[in-house]
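**Q** Please find one structure pasted underneath; my questions will follow.
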Amino acid sequence: MTIETNIHRESRLAKLNALLERGYNPYPYRFQPDAFAADLQEKYKDLEAGTDTEDRVTVAGRAMAVRNNGMFIDIKDMSGKIQAFCHKNHLAEEELERLKSLDVGDIVGVYGYIRRTPRGELSIAAEKFDIIAKSLQPLPEKFHGLTDIEARYRQRYVDFIMNDDSREVFKKRCQITSAIRRWFEEHHFLEVETPILHTIMGGASAKPFITHHNTLDMDLYLRVAPELFLKRLVVGGFDRVFEIGRNFRNEGIDKNHNPEFTALEAYQAYADYNDMADLFADMIPYVAEKVLGSKIIKIGEEEVDLSKGFARKSIIDLIKEYAGIDLLQAQNLEEAKAMAKSAGVDADECSCWGKVVQEVFDEKVESHLIQPTLVMDMPRDISPLAKTHRSNPRLVEHFDAYIGGMEIGCAYSELSNPLEQKERFDAQVAEREAGDDEAQMLDEDFVTALENGLPPTGGMGMGIDRLAILLTGAQTIRDVIAFPTLRKRD
C-alpha cells in the first residue's frame, strides 16, 4: 500500500513539475468563484436536455471524477456537485495541455456557460480552465470503507472530502451550536468568556490536565468547567450569562467521552432548578427544529418527541423502580452498600452514601432513560455546589438530563450561602486527601465572592457534543468532533 501510494505521489509530482516548467503556478494567491453548484442545480432545474444558455459563471471546487481524458470533470464545492465539460473547441491550447496534468483530488476553477447535455447532465461548458491547488496525495476509492476506522479520524480532512455523511453531521453540529447561541440571546443572556487556565481545579468532579507556566513558575489546570467564574459574574451583577467553550477532563475515551469537549453553561439570577428544567424543555426542541426542521428524533427504533418536554423523576424513585431498593432507608454507608449488593451492584469501593446511589443508578437505571427525563434531587454528598433540597437535607436541588440513555446535561439551584459552601469544599478536600483525585479543591476566592452576595440563581450545563450525537444520529462522539483525541500512532 505504501509503495503504491508513493508511485501515485511520484506521478503527481511529475505533473506538478510539468506545470511549473511551462511557467504555470498551480498554487495561485486567489481565485474568485461567483456561483455554487447547489444554487446552479436549483436555478436551472427546468433547463431541458441538449439546451445551451448564454449565462456564464465561474465555479471552483475539487475534481472528484475525471473522464475521457479530462473532457468531463465532476467538481465538488461546499454546496454540492456540478459537471464541467472541457472541449477542445472552447479551450485554448495551453489549457488543453494543462488538462493533461489534472488528477482526481486537484482543486480547479472553471469559467464557462451553462448547458444541459443531451443526456440531461447540467454542466458548465468550460471556456477557461485552471488548476488552483495541485493535490499530491491520491484520494482513496472508498474512504468510508477502510478497515482501519481510525484512519477516518486521523485524516479527517480526507473523510470530509470523500464522505458526504460525515460532512453533513459536522455541518449540523455547527448549526446546533449556532441555534443554542440564538436561543440564549433571544432570552436576554449575555455571552461571556472565562479563563481556561485555572490555578484551582473546581466547578466539577473530574480529574484535570495539568500544565506549567514558565514565567510564573506555577502549575495550572486546564478547566474542567467554567462554573465558578460564571457565578462570580452573577455576583458582579450580570444576571444572565452563558458560555460555550472547551472543557478538559483527564478521563477515559469511549463513545460518549472525549478528553476535550464543548460545553454550554448558563446562569440565571432569581431562578432555581425548576426554572432550569423549563429552560431545557424549551431550548432543546427549539434547537432541534432549527437544525432538523422537526422536534421529533429517532433513537434506535424508538421515536422521541422533544416537544413533549422532560419527565421529572427523583433518582431515589427511579432506583426503586428499576433496582427494587429504597436507598433513603439506608441509615449509613454500610447499609447502603448492602442494599446495592442485594440489587446486584458492587458498591464496595464507594466512600459515601451518595456514591452508592450514583453507582446503582449508573448500572440499573441509566440505560432505560430513552425518553427525555430529568433525574431530580441528587445526593448532597456528591454535589458540592448545589443548594440543599428544601424538603430533604440528604439531597440537593440538582438534576441530570437524560435522552437516549445518555446524560446530556445537568442543573442546580446554586448554593449561595458562603458558610455552607465552605463546609462543602472542606468535605471535598477531605475526600481528595483520602485519595479521590476527582474531588474538588477549596477555592477561597470563590467563597469570598459568595460573601459579597450571590442572588438566588439557577445554573445549567450541557455537553454540546452529546446533544449533537442525538440530533444527528451519530454512533459515537468522535463523529461529531472534527478532530477527536486519538491514541498516538506507532
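**Q** Kindly state, to the nearest 0.05, the FRET efficiency for A92 paired with D39, given R0 = 25 Å and r defined as their beta-carbon distance. The partial results should precede the final answer.
**A** Working: r = 28 Å, r/R0 = 1.11.
E(calc), rounded to 0.05, equals 0.35.
**Q** Got a number for carbon plus sulfur as a percent of the chain's accessible area, 1.4 Å probe?
**A** Working: 11620 of 24160 Å².
Roughly 48 percent of what the probe reaches on the chain is carbon or sulfur.
**Q** A further question on this structure: Counting other Cβ atoms within 10 Å of each Cβ, which chymotrypsin sites (Phe, Trp or Tyr not before Pro) in the range 1-58 have at most 11 and sit in a DSSP loop? Mind dumping the intermediate values first?
**A** Values: sites: Y24, Y29, F31, F36, Y44; in loops: Y24, Y29, F31, F36, Y44.
Here the chymotrypsin sites (Phe, Trp or Tyr not before Pro) that fit, given the DSSP loop and packing criteria, are Y29.
**Q** Going through the range 1-70, which trypsin sites (Lys or Arg not before Pro) have at most 12 other Cβ atoms within 10 Å and a DSSP loop state?
**A** Working: sites: R9, R12, K15, R22, R30, K43, K45, R56, R62, R67; in loops: R22, R30, K45.
Qualifying residues, ordered by number: R22, R30, K45.
**Q** Residue farthest toward the positive end of the dipole of the chain, with Cβ of Lys/Arg at +1 and Asp/Glu at -1: which of H188, G112, F229?
**A** G112
**Q** Let me ask another. Taking only DSSP H segments of four or more residues, each worth -39500 (n - 2.57), what value at 222 nm results for the chain once the sum is divided by all its residues, to the nearest 500 deg cm²/dmol?
**A** Numbers: 14 runs with 162 residues, N = 490.
Result for the chain: -10000 deg cm²/dmol, rounded to the nearest 500.
**Q** With the dipole of the range 364-490 worked out from charges on the C-beta (+1 for Lys and Arg, -1 for Asp and Glu) around the Cα centre, which of M441, L470, T485 lies farthest toward the positive end?
**A** L470
**Q** Turning to a different aspect of this structure: Within the range 172-203, list the residues whose amide N lies under 13 Å from a label point set 7 Å along Cα→Cβ of E260.
**A** From the range 172-203, the list is 196-197.
**Q** Using modelled amide H (1.01 Å from N, peptide plane; none on Pro or chain starts), what sits under 5 Å from the amide H of L395, excluding residues fewer than 5 places away?
**A** R380, H389
**Q** Quick one: if you stick a label point 7 Å off each Cα along the C-beta vector at E191 and A311, how many nm between them?
**A** 3.6 nm
**Q** Per residue, how much accessible surface does the chain expose to a 1.4 Å probe? Answer in Å², no decimals.
**A** Computed with neighbouring chains in place, this is 49 Å² per residue.
**Q** To the nearest 10 square angstrom, how much accessible area does T215 have with a 1.4 angstrom probe?
**A** 120 Å²
**Q** Could you check the spin-label model distance between E289 and N25? Points 7 Å from the Cα along Cα→Cβ, value in nm.
**A** It is 5.2 nm.
**Q** Mind putting a number on the dipole of the chain about its Cα centre? Charges go on the C-beta only, +1 for Lys and Arg and -1 for Asp and Glu, and I need it in Debye to the nearest 20. Intermediate results must be reported in sequence, preceding the final value.
**A** Values: 61 positive and 84 negative charges, 384 e Å.
Charge dipole of the chain: 1840 debye, to the nearest 20.
**Q** Using θ = phi - 60° and the Karplus form 6.51 cos²θ - 1.76 cosθ + 1.60, what ³J(HN,Hα) does each residue of the range 127-133 get, whole Hz, x for Gly and Pro?
**A** 10, 8, 9, 9, 9, 10, 7
**Q** Distances longer than 18 Å among the Cα atoms of the range 369-436: what percent of all pairs is that? All intermediate terms of the calculation are to be shown ahead of the outcome.
**A** Values: 1008 of 2278 pairs.
Every Cα pair in the range 369-436 considered, those over 18 Å come to 44 percent.
**Q** If amide hydrogens are placed 1.01 Å from N in the peptide plane, which non-local residues have theirs closer than 5 Å to the one on T485?
**A** Answer set, sorted by chain and number: E260.
**Q** Right, next: Filter the GluC sites (Glu not before Pro) in the range 73-176 to those in DSSP coil with at most 13 other Cβ atoms within 10 Å of their Cβ, and list the result.
**A** Numbers: sites: E93, E94, E95, E97, E121, E127, E141, E150, E168; in loops: E121, E141.
Here the sparse-neighbourhood loop sites are E141.
**Q** Oh, and also: State whether the range 133-243 is rounded, prolate or oblate according to the following rule on the C-alpha gyration tensor (a ≥ b ≥ c being the square roots of its eigenvalues): a/c under 1.5 gives rounded; otherwise a/b larger than b/c gives prolate, and the remaining case gives oblate. Could you put the intermediate results ahead of the total?
**A** On the way: a/c = 3.07, a/b = 1.64, b/c = 1.88.
Here the range 133-243 falls in the oblate category.
**Q** Here's another thing I want to ask about it. Can you run phi through the Karplus equation (6.51, -1.76, 1.60; θ = phi - 60°) for the range 113-119 and list ³J(HN,Hα) in whole Hz, with x for Gly and Pro?
**A** Each residue's phi maps through the Karplus curve to give 9, 7, 8, 10, 5, x, 8 Hz.
**Q** Could you state the number of Å between the C-alpha centres of the range 19-47 and the range 144-204?
**A** Distance between centres, Cα-based: 29 Å.
**Q** In addition: Can you give the relative contact order of the chain as a percent, counting alpha carbon pairs under 8 Å and 6+ residues apart? Show your work: numbers first, answer last.
**A** Numbers: 939 pairs, mean separation 61.9, N = 490.
Dividing the mean separation by the residue count of the chain yields 13 percent.
**Q** Still on this structure: Rounded, prolate or oblate: which fits the range 103-187 when a ≥ b ≥ c are the square roots of the eigenvalues of the alpha-carbon gyration tensor, with rounded for a/c under 1.5 and prolate only if a/b beats b/c?
**A** Details: a/c = 2.31, a/b = 1.34, b/c = 1.72.
Taking the square roots of the gyration eigenvalues as a ≥ b ≥ c, the range 103-187 is oblate.
**Q** What shape does the range 274-324 take by its C-alpha gyration tensor, where a ≥ b ≥ c are the square roots of the eigenvalues and a/c under 1.5 counts as rounded, a/b above b/c as prolate, and the rest as oblate? Please list the in-between numbers first.
**A** Working: a/c = 4.32, a/b = 1.55, b/c = 2.78.
Oblate, since a/c reaches 1.5 and b/c is not below a/b.
**Q** Further, regarding this structure: Along the positive direction of the dipole of the range 237-340 (beta-carbon charges: Lys, Arg +1; Asp, Glu -1; about the Cα centre), which of I315, F261, G293 reaches farthest?
**A** G293
**Q** Run the quick spin-label model on L486 and E366: label points 7 Å from Cα toward the beta carbon, then report their separation in nm to one decimal.
**A** My value for the distance between the label points is 2.7 nm.
**Q** Just to be sure I understand the rule: take each whole DSSP H helix in the chain, project its Cα atoms onto its long axis, keep it if the span is 27 Å or more and its mean Kyte-Doolittle hydropathy is at least 0.0. Which ones pass? Walk me through the numbers before you get to the answer.
**A** Numbers: long enough: 2-21 (28 Å, -0.40); 164-186 (32 Å, -1.17); 273-292 (28 Å, 0.35).
TM-like helix candidates: 273-292.
The values are calculated or read from the model by the stated rules, or taken from the named source; none is laboratory data. Note that the coordinates shown come from a computational prediction; the quantities given were computed from them, not determined experimentally. Don't worry about glycine lacking a Cβ; one is built from the backbone with ideal geometry, like all the others, and counts go over all protein chains shown. Keep in mind that these areas ignore ligands, DNA and RNA; they rest on the heavy atoms of the full protein, side chains included. Shrake-Rupley method; radii C 1.70, N 1.55, O 1.52, S 1.80 Å.
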